[in-house]
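Worksheet: the structure to be examined is printed underneath.
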Amino acid sequence: MRYSNLFAPTTKEAPKDATLPSHQFLIRAGFISQYGSGLYNFLPLGKIVFDKIKAVVKEEMDKSGANEIQMGVVTPADLWRESGRYSIFGKELLRFQDRKNNEFVLGPTHEEVVVDIVKNRITSYKQLPLHLYQITTKFRDEARPRFGLLRGREFTMKDGYSFHKNEASMREEFAHMEQTYTKIFTRLGLDFRAVDADSGAIGGSGSKEFMVLADNGEDDIVVCEKCSYAANVEAAKRAKQTCQIEPPQAEFAKFHTPTPVKDSIAHIATFFKVDPFYTIKSVIKKAIYEDREEIIAFFIRGNDTLQETKAQNACGSLDLVDASEEELLSIGLIAGFCGPLKLPEDVQFFIDEELRDEKNLICGANEDQYHFVGVHVVNFNEARYKDLVAVRIGDICPCCGASLGITKGIEVGHIFQLGQKYASAMQATFLDEFGKSQAFYMGCYGIGVSRLVAVMIEASHDEAGCIWNKQTTPFMLDIIISNIKNESDVRFATDLYENLSASGFEVLLDDRAERFGVKIKDFELMGFPYALIVGKGLAEGKVELVDRKTLEKTSLHVEDLQAQLKELLS
Ligand code: ATP
Ligand code: MG
């Protein structure tokens, strides 16, 4: 490609809302352009990168034995009603009507459509397993579209769906996809981890996320400093927390405890001279369900924090929001003085499982200005105990006993074991070995293909711009003609460009009538692995090679130049 033919509108300034390097540089270097909130175009350079990533994903998916298909983006609402998700998916699901008032959604994910494809077409266990995938557009009306391609509203996903006769076969494909994803992200040159994850709105049992480690990641991932344990903080486990300090010994009693509502745990711990470990903290939330709202109390140790996704899973709500003091009062709860004992009847509550059978604790007495001491957490219904707390840095690894740390990650892939959830709801069945009708077992597997374009840059950039790796760069080499008026320079650079291109190398020839400074700045911003400067030195038979990563310059002799470059670029 000659730069004079290339459409790559570079700018000095980034848009105001672009806070992350990938967002800033991809726009400034002319790889993408924004045309609405969470809506982006891929311009020529961005499109090359996007296609390269897509090709790696496609190649590995095809090798894995999956079949590529293409489903429509517009989906009849009735399919979503069949699965039961039409009413529970929330506002991310864009709903609309056609001229005959038929209802539709723009597909944010395609479980419903793919089940409909397979239903009545796969009828026997002999036709299983089957894996169908596509690489297409998704639409999610994200509450906060931001960070450019990382969280768009329209984006491209590779989504695959597998169908199985039993759980064992489903698990096998899950493991096979974990390997396939590992190959894909390794080929893309990314530093990633497969982590235990929460299954979210898609549902089902067992899921893993593929996280690229990056400072600007939106996800917190818990990693063991010693073994391979890694999990999203939403799903992370720890060995049970212990305390070196002796527990306070006291008979069960009610104490007058004048306490401000704010920081009540700290006050109570000081008041009774105990470690907050021995207090019970109550976190009261309003749970939003499809058809109702309910105030729910979550009880955890005083030195722990409620993990909201875990809490939401415990009560099965669509969302959890803060409850006001008035809302607490309306069901007889007093802010700052709630506890699991003597709760007003009908108040729904959950207790962190680490508190099970714990003794000598202090908690609110559900009476204004009073706390209980000498509390034993016993005799609660088994269903009240749930994992509710956020794992912290320094907690103990549940696998090996070493210390846990937390790092930031960007989710680039997610694989799920769905079980029979969707097939049962949509009555998609096959006949098993015994002639019995069974719902399909399913797995589903996503990769954020357009998000990956930005992830490449979050993972690799400097102050001047992008630093593409060889696997995904639009061009390997940028031949810069430093003075376009010098005919012999132009001839030499053009010959070299034509020769390398003819040999299949991806080369850009910067033949613009621009100053050298502009050209080198654009090279640094766009971030191709190498630039070759053809300029003054040519008279002495010398050109200069720039390594984008280090910005180091090496002088090369024109004799033997092609062979040297071919070796470097291969
Ligand atoms: P997130 O937690 O980041 O919102 P998700 O868990 O909702 O993602 P999945 O339903 O698992 O996403 O979708 C599969 C993949 O699609 C994700 O791993 C991610 O890489 C990508 N993806 C999801 N939402 C977006 C988005 N708004 N913009 C770009 N890519 C996305
Ligand atoms: Mg996910």
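Bear in mind these aren't lab numbers, they're just calculated from the coordinates by the rules spelled out. Just so it is clear, the model here is predicted, and its values are computed rather than measured. Glycine gets a Cβ as well: all are built from the backbone with ideal geometry, and neighbour counts include every protein chain shown.
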Classify the range 411-459 as rounded, prolate or oblate from the Cα gyration tensor: take a ≥ b ≥ c as the square roots of its eigenvalues, call it rounded if a/c is under 1.5, otherwise prolate when a/b beats b/c and oblate if not.
prolate
I need the semi-axes of the equivalent ellipsoid of the range 173-241: take the C-alpha gyration tensor, multiply each eigenvalue by 5, square-root it, list largest first in whole angstrom.
20, 17, 12
Are any of the pairs Lys126/Lys165; Lys54/Lys158; Lys52/Lys158; Lys47/Lys470; Lys240/Lys285; Lys165/Lys310 more than 20 Å apart by Cα-Cα distance, and if so, which?
Lys240/Lys285; Lys165/Lys310
According to the square roots a ≥ b ≥ c of the eigenvalues of the Cα gyration tensor, what is the shape class of the range 94-168, taking rounded for a/c under 1.5, prolate for a/b larger than b/c otherwise, and oblate for the remainder?
oblate
Run the helix sum for the chain: -39,500 (n - 2.57) per DSSP H stretch of 4+ residues, divided by residue count, reported at 222 nm to the nearest 500 deg cm²/dmol.
-7500 deg cm²/dmol
I need the Kirkwood Rh of the range 60-192: take the reciprocal of the average 1/r across all distinct C-alpha pairs and report it in angstrom.
16.7
Additional length obtainable on full extension of the chain from Leu318 to Arg121, 0.36 nm per residue less Cα span
67.5 nm
Unit charges at the beta carbon, dipole of the range 477-569: most positive-side option, Gly527, Val507, Gly541:
Gly527
Rg from C-alpha atoms of the chain, normalised by the globular rule of thumb 2.2 N^0.38 Å, equals 1.20
How big is the equivalent ellipsoid of the range 253-386 along its three axes, where each semi-axis is √(5λ) from the Cα gyration tensor, reported in whole Å from largest to smallest?
23, 16, 13
Cα-Cα pairs above 15 Å in the range 483-560: how many percent?
58
Report the Cα centroid-to-centroid distance between the range 144-204 and the range 212-269 in angstrom, as an integer.
30
Quick one: which of Lys286/Lys342; Lys262/Lys386; Lys273/Lys386 span more than 24 angstrom between C-alpha atoms?
Lys262/Lys386; Lys273/Lys386
Starting from 0.36 nm per residue, how many nanometres of slack lie between Ser330 and Glu559 once their C-alpha separation is accounted for?
73.8 nm
Which value results when the Cα radius of gyration for the range 214-279 is divided by 2.2 N^0.38 Å?
1.67
Are there any helices in the chain, counted as whole DSSP H runs, that stretch 18 Å or more along their axis by Cα and score at least -1.0 on average by Kyte-Doolittle, and if so which?
44-63, 167-187, 487-502
